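The structure under discussion appears below in the form of structure tokens.
Values in this text are rule-based calculations from the coordinates and carry no lab data. None of these values were measured; they are calculated from a predicted model. Because the Cβ atoms are built from the backbone with ideal geometry, glycine has one as well, and the counts that use them run over all protein chains shown.
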Amino acid sequence: MSALTFDPTDLVAPSPADAVVARESAAHLAGALAKTNGAVRLRIEEPDGKDYAVTVPSAAFRLLVDILSEMARGNAVRVIPHHAELTTGEAADLLGVSRPYATRLFDEGLIPSYRVGTHRRAMFKDVMAYRDEHYRARSAVLDKMAAMDQELGLT
């Protein structure tokens, strides 16, 4: 098996032609995903005509379908390992906030972080834990507001 010739964490932006191929592939593979139980066997056909089958875990197959679906929409895609270190800018992008706000979250300890020289870093898993907790808290407040709205007969 050959070594990777690319960095899988690089951002991959699809061309319009790639988006069309991704749309067709995602549509075909999504049906197979619904029937997946454990692992999937895929057949690879190389340009020279050789072909072979590979077994892919269902979790990786689901990620492949998700990646193709995003590419079909023209969205750039990046795979980030759970143990990855993120800069304040990368964390801000994932959270949908400004870099200064992400820096404040790091500095206030809301997202565990550390310094590398003068730069701050946080673990991907910690940024995602903050995002998930923030989403849960926001959803709880919205549910409470909706209940109050119904009690007051405003809906």
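Taking 0.36 nm per residue of sequence separation and subtracting the Cα-Cα distance, how much length would be gained by fully extending the chain between Glu46 and Ala60, in nm to one decimal? Display every interim value, and only then the final one.
Working: separation 14, 0.36 × 14 = 5.04 nm, distance 2.09 nm.
Length difference between fully extended and current span is 2.9 nm.
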- Message: So if I place +1 on the C-beta of Lys and Arg and -1 on the C-beta of Asp and Glu, and nothing else carries charge, what would the dipole magnitude of the chain be about its Cα centre? I want it in debye, nearest 20.
- Response: 240 debye
- What does a probe at Asp132 reach in region 102-125, counting residues whose amide N is under 12 Å from the point 7 Å along Cα→Cβ? 125
- Message: Taking 0.36 nm per residue of sequence separation and subtracting the Cα-Cα distance, how much length would be gained by fully extending the chain between Arg99 and Thr155, in nm to one decimal?
- Response: 16.4 nm
- Message: Just to be sure I understand, if you calculate mean projected area of the Cα convex hull in nm² for this structure, which of (1) 9.6; (2) 15.0; (3) 8.7 do you get?
- Response: (2)
